[in-house]
Amino acid sequence: MKNNLKIILDNIVFSLQKAGGISTYWFELYSRVIRDYDEVYFVERENDNIVAKQHVIGKEKILSTEVSNLLVDRFVNVSLRKVNEKFIFHSSYNRITSNKKAKQVLTVHDFVHEKYYSGVRRFLHSYQKGKAINKADAIITISENTKKDLLTFFPNINSNKIYVIYNGVSKDFYPLKKEALKNDFLFIGSREKYKNFDFAVKAIAQTDRFKLNIVGCVLRKEEVEILNRLIPGRWELFNNIENAKLNELYNQAYALIYPSSYEGFGIPLLEAMKTGCPFIALNSSSIPEVAGKAGVLIDKLEIAVFNEAVLNIDKKREEIIKMGFEQVKNFSWEKCYQETIQVYKDLYRS
């Protein structure tokens, strides 16, 4: 007999992205909910998400949605009209249910759109997020920095219903004894402007020592042109790779380069620390919370500062790796899950 708590989880994020940090967060959460609870159901649609394929949900657990068009679906409230008893509703991406029996939980990952975008994209995202924030009975933020941003953009929100619950890191990442170290820098994730991919390329270009391995979506034409102009023959793209391959890349890399100006959390830093890969990251937003005393944090995106960070790794590599192993012990998906379930339980009893 598993725990007695009715939970409905909204898997909309798997239809909005093929992979990414939010998909990883959601998979790690719902796979544990299924493990511990019988009465757990899902709002889901067909998708090609790489992360979701790791655990196929039985059809008997999936509740259908009324609208078939994703462009509409992502912005409308989930009705769940047939559910007539109290339940926890937690959406993977800024949706709420119109069912009044629901106790609504929302995870806010970041405020990228509010800080770095404008026009229709920002308006639609911020409208949807704002509606969910104002309706939520409990709000989870994945860092103290995101909580601070939440209270900046929504100063009237009751801070007592905000819970800071850190992300974890997959067991798929660990040191490989047989992997030989290469002079490769690793760049992971989105290449939106605030991620400062251009700085990473320029940092590699000013020295013949390193190669750049890029993990992420297909390169745009202009990105390929810049790479071939600045570091010809010294870059490689890895698209849609499994964690086993990514683990190899971390193990082989000289370091992870993470020059992002803004992160809600920064899962790649945990992955790097867990594999024994040093990192160079910009000292901003949530990065200091995740990094602690591990890795090398830089205060400016300047080539001279980057070169100093490289010298630091050259001199103190083993010490940096050791500090990373210690820091990453503070984070786990099981801890994230247990703290989230406690939010569910407290809310359910209220």
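The values are calculated or read from the model by the stated rules, or taken from the named source; none is laboratory data. Predicted model only: the values in this text are computed from it and were never measured. Cβ sites come from the backbone with ideal geometry, for glycine too, and all protein chains shown count toward neighbours.
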Can you tell me which residues in region 236-252 are at pLDDT below 95 and in contact with a Phe, Trp or Tyr (Cβ under 9 Å, 6 or more places away or on another chain)?
ASN243
So the check is Cβ under 6 Å with 6+ separation or different chains; which pairs have a first residue in region 328-339 that's farther than 10 Å from GLU28 by Cβ and a second one that's assigned to a loop (DSSP other than H, G, I, E, B)?
PHE331/TYR166; PHE331/GLY168; PHE331/VAL169; GLU339/ILE165
Failed condition for LYS211, given (1) of a type in the set (D, E, K, R); (2) touching a strand residue (DSSP E or B) at 6+ places or on another chain (Cβ under 7 Å); (3) closer than 27 Å to PHE111 by Cα, with all others met?
(3)
